[in-house]
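Asks: Pasting a structure here, questions to come.
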Amino acid sequence: MTTTWSGSHTFGAATVHRPRTLEELQELVAVSRRVRALGSRHSFNDLADSPGDLVVLDALAATDGVAVDPVARTATAPAGMRYGELARELHARGWALHAMASLPHIGLAGAVATATHGSGDHARNLAAGVAGLELVGADGTLRVLDRGDDELAGSVVALGALGVVTRVTFDVEPTYDVAQTVDLDLPWDAALEHFDEITASADSVSLFTDWSGPAVQQVWRKARVRAGDERAEVERYGARPATAKKHPIAGIDPVACTPQLGEPGPWHERLPHFRLDFTPSSGDELQSEYLLPRRHAAAALAAVRALSSVVTPLLLVSEVRTVAADDLWLSTAHGVDTVALHFTWKQVPEVAHVLPTIEDALAPFDARPHWGKLFADRERDLARLYPRWDDFRALVARRDPGGVFTNDFLARHVL
């Protein structure tokens, strides 16, 4: 029995295939009536499921290496590889990615297909760093897309609807160091009044809260360390610096977290919240996330705080972070700088009942739900939130007219 990472969904596919070669994968797709790719399973809904078969690409990833083009400043990696594994290899060769998600354990193809992100006022999501894709289409043929192809912007955040991605090409830059610090008990009044200044105080900033009480419990700052730069003292707006390493969830041992206390280190060992060599939690949790135009940040934060009586009892922790705009058709940051409101829930049935309440409160702010996380499974007009929605549907109709990669999630929410 195959489930998502947290056990929140049990996959209904009849068979899970592990092709050992690209040719084997192509043959499998070509004869399948319905097939989908399954990655690191770090999703919380049925997005990756299939009414037919599933394919897992770990065997291909194990035999297919990373190729770096130092002139083009790109790196091509197998789609089944995890971000942390790619990051280690890039760093060893003197290269880096522009951003990392909270977890380095997630797979490349699944993360970019769902517009998963790190954070930063000027940091676009992981998908926006994609310079090209290789994917097996519905007829089993291998297609290669790059930035010269008009379809790339619609094919990166594609929710698995256009084929099985086999390799991903990323923009890279020279490796760099990052220092991470944590502040405690930021007064909510200061957080709302100075939100822009706080998120601009480092390259990546996360606010951790349970939405109750007078203060945001933790502020994590990740700042690039540039040679010759003096590290200016940041304005804490009433918060106090942590003197010991912290976990985002109160009471949990921070051993799995990346180094803090301002100790500089390689980018891939600071930008994620958690270390690749550790399982960040038991998996006994659920997750939701909503991304909305950052101009609505203060009002949206106030709206969720007003729901504390129903949200806080179900919550392990919430994270607030920012993401820069991109031009990818189904990206949750398409066309607008965003603020992301993330919820890590206890794994209890009541979560499903509170999601519509949160979404109603965020509706005036055009909140886009994260594709791979839980949101209310009800009729809603997602199309109005994405200016290239009809273009994406037309692209799917053109590239997969027989619906080989279609599943229940796409039928309900997209197609």
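The values are calculated or read from the model by the stated rules, or taken from the named source; none is laboratory data. Keep in mind that what you see is a predicted model, and the values were worked out from it rather than measured. Cβ: placed from backbone, ideal geometry, glycine included. Neighbour counts: every protein chain shown.
Asks: Are any residues in segment 111-150 touching a strand residue (DSSP E or B) at 6+ places or on another chain (Cβ under 8 Å) and farther than 30 Å from ARG221 by Cα, and if so, which ones?
Replies: Result: GLY132, LEU133, GLU134, LEU135, VAL136, GLY137, LEU142, ARG143, VAL144, LEU145, ASP146, ARG147.
Asks: Can you give me the number of residues within segment 161-199 that are surrounded by fewer than 19 Cβ atoms within 10 Å (Cβ to Cβ), closer than 29 Å to ILE249 by Cβ and either of a type in the set (D, E, K, R) or under 18 Å from the mean Cα position of the chain (by Cα) (or both)?
Replies: 6
Asks: Okay, moving on. Anything in segment 324-352 that is in contact (Cβ under 8 Å) with a residue 60 or more places away in the chain, of a type in the set (S, T, N, Q) and in contact with a Pro (Cβ under 9 Å, 6 or more places away or on another chain)? List them, or say none.
Replies: Scanning segment 324-352 gives THR332, THR344.
Asks: Could you check how many residues of segment 29-41 are buried (at least 23 other Cβ atoms within 10 Å of the Cβ) and within 14 Å of LEU159 (Cα to Cα)?
Replies: Going through segment 29-41 one residue at a time, the tally reaches 5.
Asks: Just name the residue that is surrounded by the fewest Cβ atoms within 10 Å (Cβ to Cβ) out of those in segment 103-138 that are hydroxyl-bearing (Ser, Thr, Tyr) and at pLDDT 95 or above.
Replies: Among those that are hydroxyl-bearing (Ser, Thr, Tyr) and at pLDDT 95 or above, it is THR116.
Asks: Applying the selection to segment 140-157, what residues are out of contact with any helix residue (DSSP H, G or I) (no Cβ under 6 Å at 6 or more places or on another chain) and assigned to a loop (DSSP other than H, G, I, E, B)?
Replies: THR141, ARG147, GLY148, ASP149, ASP150, GLU151
Asks: Go through segment 1-28 and give me each residue that's crowded, with 22+ Cβ neighbours inside 10 Å and closer than 16 Å to VAL164 by Cβ.
Replies: Selection gives LEU25 alone.
Asks: Any residue at all in segment 320-333 that's part of a helix (DSSP H, G or I), hydrophobic (A, V, I, L, M, F, W, C) and touching a Leu at 6+ places or on another chain (Cβ under 7 Å)?
Replies: Within segment 320-333, not a single residue is part of a helix (DSSP H, G or I), hydrophobic (A, V, I, L, M, F, W, C) and touching a Leu at 6+ places or on another chain (Cβ under 7 Å).
Asks: Being under 18 Å from the mean Cα position of the chain (by Cα) and small (Gly, Ala, Ser) is the filter here; which residues of segment 121-160 pass it?
Replies: ALA123, ALA127, ALA128, GLY129, ALA131, ALA153, GLY154, SER155, ALA158, GLY160, listed by residue number.
Asks: Here's a follow-up. Hey, among ALA306, ALA250, which residue is out of contact with any helix residue (DSSP H, G or I) (no Cβ under 7 Å at 6 or more places or on another chain), surrounded by fewer than 21 Cβ atoms within 10 Å (Cβ to Cβ), over 30 Å from ALA227 (Cβ atoms) and modelled with pLDDT under 95?
Replies: Testing whether each residue is out of contact with any helix residue (DSSP H, G or I) (no Cβ under 7 Å at 6 or more places or on another chain), surrounded by fewer than 21 Cβ atoms within 10 Å (Cβ to Cβ), over 30 Å from ALA227 (Cβ atoms) and modelled with pLDDT under 95 leaves just ALA250.
Asks: Quick one: what pairs do we get from segment 145-160, first residue without any contact (Cβ under 8 Å) to a residue 24 or more places away in the chain, second in a loop (DSSP other than H, G, I, E, B), C-beta under 7 Å, 6+ apart or different chains?
Replies: LEU145/GLU151
The rows are residues; the columns are (1) closer than 30 Å to ARG147 by Cα; (2) not acidic (Asp, Glu).
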site	(1), (2)
THR338	yes, yes
VAL354	no, yes
ILE358	no, yes
TRP371	yes, yes
ASP390	yes, no
GLY402	yes, yes
PHE409	yes, yes
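Asks: Among the candidates HIS342, HIS353, single out the residue that is under 22 Å from the mean Cα position of the chain (by Cα) and outside any loop (DSSP other than H, G, I, E, B).
Replies: Answer to the check: HIS342.
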